[in-house]
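To keep things clear, I will list the structure first and then write my remarks on it.
The values are calculated or read from the model by the stated rules, or taken from the named source; none is laboratory data. Predicted, not measured: the structure shown is a model, and the values here were computed from it. All Cβ positions, even for glycine, are placed from backbone atoms using ideal geometry, and neighbour counts span all protein chains on display. Quick note on the areas: whole protein, heavy atoms, side chains included, nothing else; ligands and nucleic acids left out. Shrake-Rupley method; radii C 1.70, N 1.55, O 1.52, S 1.80 Å.
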Amino acid sequence: MNHWRAHRSGRRSRFFSSSASLAFLSALFTGLLLLFTQSGCKPSSGNAPGGDTIPVGEYTSLTGKEATYGISSHNATRMAVDEINSAGGVLGKQLRLICEDNQSKAGEAANAARKLISRDRVVALLGEVASSRTLEVAPIAQEAKIPLISPASTNPKVTEVGDYVFRVCFTDRFQGRVLADFALKTIKAKKLAILSDLKSDYSKGLAECFKERFVAKGGQIVAEPSYSGGDKDFKAQLTAIKGTEPDAILVPGYYTDVGLIVMQAKQLGIKVPLFGGDGWESPKLLSIGGAALEGHYFSTHYSMEVASPKIQSFVKHYQERYGEYPDALAALGYDSAYVLADAMKRAGTTESKALRDAIAATKDFETVTGKITIDAERNPQKPAVILTIKNGQFKLLETIQPD
Amino acid sequence: MAAFLQQLINGVSLGAIYALCALGYTMVYGVLQFINFAHGDVFMVGAFAGYYCAPLAAKLFQPQSALGAVMVLLTSMTVCAALGVLIEKLAYRPLRDHPKLTVLITAIGVSLFLEFAGQKFFQADPKPFPELLPHAQYNPMPNLVISSDQLIVMGVSVLLLAGLHFIVRHTKLGTAMRAVAFNPQAAALVGINLDRIISFTFALGSALAAAAGILYAMNYPAIDPLMGVMPGLKAFVAAVLGGIGNLPGAALGGLIIGVVETFVGGTAWSAYRDAIAFAILIVILLVKPAGLLGRTEVEKV
């Protein structure tokens, strides 16, 4: 780093002579940044707040690491809103969905939510799959007393933030329990390794919930290394895990990382099954992990294979509109919009307290991912499914009901 | 023992990629004395060039054939060499007489530009990188598995390093590069075309970054527009660790970072693998401020 020293001693004044060009450059790049970051969401059509539409905010990850979640969930939310509108809207008005992209980045979700609340005056917030980012937004929604419904943030802490925060998916307490029972009964694993993402509240939370149940039922955790979401190389951790000879490996992560993990596990000659939670569910998992995924398992919210007419009609419409099969995140995004619209109808108003109470009173509401009854902790009681990967496809293995 | 060797192989194959990428930082530093922060993003463009070229290569040759893989590698290296030259011409050359800090900040701007333009044009979600060559695994001893990808990474890296060494030491252009690194004014006075040599340096460094990008994508087949950020940073650290401006130093630094990162990742401290890799940099710089092989020689490149 010799040039720093040379500059510091000899040519300090030249640093400052260029302040004008620096200012120009930074202005230019800020402009460019804004230009690019705005490009994710389509501009929302509609009227000014308070008109004959009801503004509903959605913050989601349309770009970045968890983009396929955000896009699935957003597409289905948009489809639900359009369906509700074409069926006459809610309270005689049309819903207007205003979407903000948070680029899968910490900090951006909070910005997006503040913008939606203060600029667009939304009456409710829908959003975010990733628990970390919903945890960012939840206190903001709680303080502004804007009801928030998360489609798919499973971390238990999310709804503990306050009485304006809801979700339409099961929590990781339930999912952890399901996975622990599955590991003990179906995989028959006694010794287990966990490889979790230390950057993600979802991953850490699910690992904790799993461990609680698994250890209480007599299982043993032999290794618990972690990685940082977005890493590409997992061979170091996997080699260490291999040395402890576990019966199975729990990978409670997101699909991009999981795809690379299963692949590298196979390359290192690890033959025991890997399994994880709903973070695995994405078509991208299959395209990244490829053949290495065969015979591994994960738990999630719904399966397209279930023959219920509600699911089949949703799958059909989604496929017609977007040309691909809806994953669990799409189903949950779809449900979140319907739960909100249903609550608005029952409340008869969009005033925040009445709307909150109506969401909290949701009972036996039929959705794609099952019958939703919101409990006292503002979580729904719902079944989970376990899928396995066979011949490059997700296959339904079992359905597990809540107790 | 097997576990130790396994981690060593994991570490060396990761480090070899850092090493290739670190060479670009160190070469540009050698001739221009500034850090080209856009280098990590050229690495990313290299991987994407490979991604788009691979189907074509599979059609021209057989899928997963060696010739196809070589074609993908060479195309991507050419694309990135051109990109490197273009970046230098448009962004850095007009600022050559300005303070180094201005150029440094421009480099950060170019880096952001490539990342966000990448998100715009390649989309932000990770893409599966096609398998250029069939996977194979070798079991030289129990509990030790070497994948063909790891061998390819090491082999290609050694070949490229040897090629670079030959160019820098035994060709006219290489001699001119070293002359420019040693003293640009004197080099210009003896008739060396500075612009041409600087363009050549960028082309060479960017081509190596492209090769590193392809190798990285073959080993970790999920590519996205921000994939160059961390490897770029680590390669930069590797270049500084080895002594910036010094070619063998960059290669050595890359290997050290890769191996250290892997060994730390295999312990209970796996959460701190990046932190420890960077902490080692700080310790080495405290003891040897010029880096491991830095500036004891007169020649820089």
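How much net charge surrounds B:LEU90 when only the other residues with a Cβ under 15 Å from the Cβ of B:LEU90 are counted, with Lys and Arg +1 and Asp and Glu -1?
Details: positive: B:LYS89, B:ARG93, B:ARG96; negative: B:ASP41, B:GLU88, B:ASP195.
Charge balance in the 15 Å sphere: 0.
The A:ASN391 and A:GLU212 beta-carbon pair, evaluated with R₀ = 25 Å, returns a calculated FRET efficiency of approximately 0.10. For the stretch A:324-343 and the stretch B:11-61, write down the distance between their C-alpha centroids in whole Å. Taking the Cα centre of the stretch B:11-61 as reference, the centre of the stretch A:324-343 is 42 Å away. Look at the alpha carbon pairs under 8 Å that are at least 6 residues apart: their mean separation over the length of the stretch B:2-287 gives a relative contact order of 39 percent.
The stretch B:139-268 gives an Rg/Rh value of 1.05, both radii derived from C-alpha positions and Rh following Kirkwood. Computed over protein heavy atoms with a 1.4 angstrom probe, the accessible surface ordering of A:LYS353, B:LYS172, A:LYS363, largest first, is B:LYS172, A:LYS363, A:LYS353. Could you tell me whether chain A comes out rounded, prolate or oblate from its Cα gyration tensor? Rule is a ≥ b ≥ c as square roots of the eigenvalues, rounded for a/c under 1.5, then prolate if a/b exceeds b/c, otherwise oblate. Here chain A falls in the oblate category. In a reduced charge model with +1 at each Lys and Arg Cβ and -1 at each Asp and Glu Cβ, the protein assembly as shown shows a dipole moment near 1620 debye about its Cα centre.
Residues of B:125-132, mean number of Cβ from any other protein chain within 10 Å of their own Cβ, rounded to a whole number? Don't jump to the answer; show the numbers that get you there.
On the way: counts 15, 15, 3, 9, 2, 0, 1, 0.
What the average comes to for B:125-132 is 6.
For A:ILE54, the amide hydrogen comes within under 5 Å of the amide hydrogens of A:GLN94, A:LEU95, A:ARG96, counting only partners 5 or more places away or on other chains and with H modelled in the peptide plane.
Give the accessible surface of the stretch A:172-300 per residue, rounded to a whole number of Å², with probe radius 1.4 Å and ligands, DNA and RNA excluded.
Values: 3860 Å² over 129 residues.
Roughly 30 Å² per residue, with all protein chains present.
Between B:ALA235, B:ALA91, B:ALA209, the residue with the greatest mean-square fluctuation in the GNM of chain B (Cα pairs under 10 Å linked by springs) is B:ALA91.
In terms of packing, defined here as the mean over residues of other Cβ atoms within 10 angstrom, the peptides A:122-128, B:156-162 line up highest first as A:122-128, B:156-162. For the stretch A:172-300, the gyration tensor built on C-alpha atoms gives a rounded shape. Its axis ratio a/c (a ≥ b ≥ c) stays under 1.5. Along the Cα-to-Cβ line of A:LYS371, 7 Å from the Cα, sits a label point; which residues in the stretch A:164-207 have backbone N less than 12 Å from it? Inside the label zone: nothing.
Annotation: for a label point projected 7 angstrom from Cα along Cα→Cβ of A:LYS353, residues of the stretch A:127-162 with backbone N closer than 14 Å are A:145-146. Relative contact order of the stretch A:233-383, taken over Cα pairs closer than 8 Å and 6 or more residues apart, is 15 percent. Within 10 Å of the Cβ of each residue in B:271-281, the mean number of Cβ atoms contributed by other protein chains is 2.
If you build a Gaussian network model of chain A, linking Cα atoms that sit under 10 Å apart, which residue out of A:ALA189, A:ALA207, A:ALA144 swings the most? Comparing A:ALA189, A:ALA207, A:ALA144 in a Gaussian network model of chain A, the most mobile one is A:ALA144. Among B:VAL283, B:VAL79, B:VAL168, determine the one that fluctuates most according to a GNM of chain B built with springs between C-alpha atoms less than 10 Å apart. Evaluated over chain B, the most mobile residue of the options is B:VAL283.
The alpha-carbon of A:LYS382 sits under 19 angstrom from the alpha-carbons of these lysines, leaving out residues fewer than 8 places away in its chain: A:LYS157, A:LYS310, A:LYS363, A:LYS371. From helices alone, chain B scores -24000 deg cm²/dmol at 222 nm; the rule is -39500 (n - 2.57) for each run of n ≥ 4 DSSP H residues, then divide by the residue total.
In the stretch A:210-241, the residues that give up 50 Å² or more of accessible area when the other protein chains are added, compared with the chain on its own (1.4 Å probe), are A:LYS232, A:ASP233, A:LYS235, A:ALA236, A:THR239.
At 1.4 Å probe radius, can you tell me the per residue accessible area of the stretch B:1-109 in Å²? Each step should come with its number before you reach the end.
Values: 3890 Å² over 109 residues.
Computed with neighbouring chains in place, this is 36 Å² per residue.
When +1 charges are put on Lys and Arg Cβ atoms and -1 charges on Asp and Glu Cβ atoms, the dipole computed for the stretch A:172-300 relative to its Cα centre reaches about 380 debye.
Share of the stretch B:2-287's accessible area from carbon and sulfur, percent, 1.4 Å? Kindly include the intermediate steps, with their values, before the conclusion.
Working: 8000 of 10890 Å².
That fraction is 73 percent.
Accessible area of A:LYS157 (1.4 Å probe, protein heavy atoms only, ligands and nucleic acids ignored): about 110 Å².
When the alpha carbon coordinates of the stretch B:2-287 are projected onto the principal axes, the ranges are 61, 51, 39 Å, largest first.
Couplings for the stretch A:152-169, taken from phi via the Karplus curve 6.51 cos²θ - 1.76 cosθ + 1.60 with θ = phi - 60°, read 9, 7, 9, 4, x, 5, 4, 7, 6, 4, x, 7, 9, 10, 10, 8, 10, 10 Hz in order; Gly and Pro are left as x. Taking all protein chains together, B:ASP125, B:ASP149 sort by accessible area into B:ASP125, B:ASP149, largest first [probe 1.4 Å].
Projecting the Cα atoms of A:GLY253, A:ALA193, A:PRO283 onto the charge dipole of the stretch A:172-300 (Cβ charges, centred on the Cα centre) puts A:ALA193 farthest toward the positive pole. Which residues belonging to the stretch B:71-102 lose at least 30 Å² of 1.4 Å-probe accessible area when the assembly is complete, relative to their chain isolated? With the partner chains in place, the stretch B:71-102 has these residues losing at least 30 Å²: B:PRO99, B:LYS100, B:LEU101, B:THR102.
So what is the relative contact order of the stretch B:204-301, in percent, for Cα pairs below 8 Å that sit 6 or more residues apart?
On the way: 88 pairs, mean separation 27.1, N = 98.
Normalised by residue count, the contact order of the stretch B:204-301 is 28 percent.
Label positions at A:LYS191 and B:ASN139, each projected 7 Å from the Cα along the C-beta direction, are separated by 1.9 nm. Each label was represented as a point 7 Å from its Cα along the Cα-to-Cβ direction; for B:HIS170 and A:GLN319 these points are 6.2 nm apart.
The accessible surface of the stretch A:84-202, taken with every protein chain in place and a 1.4 Å probe, is 51 percent carbon and sulfur.
The interface between chain A and chain B buries about 4200 Å² of solvent-accessible area in total (1.4 Å probe, ligands and nucleic acids excluded).
Computed with every protein chain present, the accessible area of A:MET304 is close to 70 Å² [probe 1.4 Å].
Add +1 for every Lys or Arg and -1 for every Asp or Glu among the other residues with Cβ under 14 Å from the Cβ of A:ALA112, and state the total. Cβ neighbours under 14 Å give a net charge of -2. Taking the square roots of five times each eigenvalue of the Cα gyration tensor of the protein assembly as shown, the equivalent ellipsoid has semi-axes of 47, 31, 22 Å, listed largest first. Separation of the stretch B:141-169 from the stretch A:214-276 is 27 Å, based on Cα centroids. Database remark: amide H of A:GLU398 closer than 5 angstrom to the amide H of A:ILE386 (H placed geometrically; neighbours at sequence offset of 5 or more, or on other chains; Pro and chain starts carry no H). Positive-end ranking of B:LEU151, B:GLY191, B:PHE236 along the dipole of the stretch B:145-252, with charges on Cβ about the Cα centre, is headed by B:GLY191. Within the same chain, lysines fewer than 8 places from A:LYS235 are excluded, and of the rest, those with a Cα less than 25 Å from its Cα are A:LYS65, A:LYS190, A:LYS191, A:LYS199, A:LYS204, A:LYS211, A:LYS266, A:LYS271, A:LYS284, A:LYS390, B:LYS127, B:LYS234.
Computed about its Cα centre, the charge dipole of chain A is approximately 1180 debye, with only Lys, Arg, Asp and Glu carrying charge at their Cβ.
Measuring with a 1.4 angstrom probe and ignoring ligands and nucleic acids, A:LYS93 comes out at about 80 Å² accessible.
At a Förster distance of 25 Å, what's the computed FRET efficiency of B:GLN123 paired with B:MET230, Cβ-Cβ distance as r, to 0.05? Write out the running numbers ahead of the final one.
Working: r = 20 Å, r/R0 = 0.79.
The computed FRET efficiency comes out at 0.80.
Membrane-span-like helices in chain B (whole DSSP H runs, Cα extent of at least 18 Å along the helix axis, mean Kyte-Doolittle hydropathy of at least -1.0): B:2-32, B:39-60, B:66-87, B:100-121, B:148-170, B:194-219, B:229-242, B:247-265, B:273-287.
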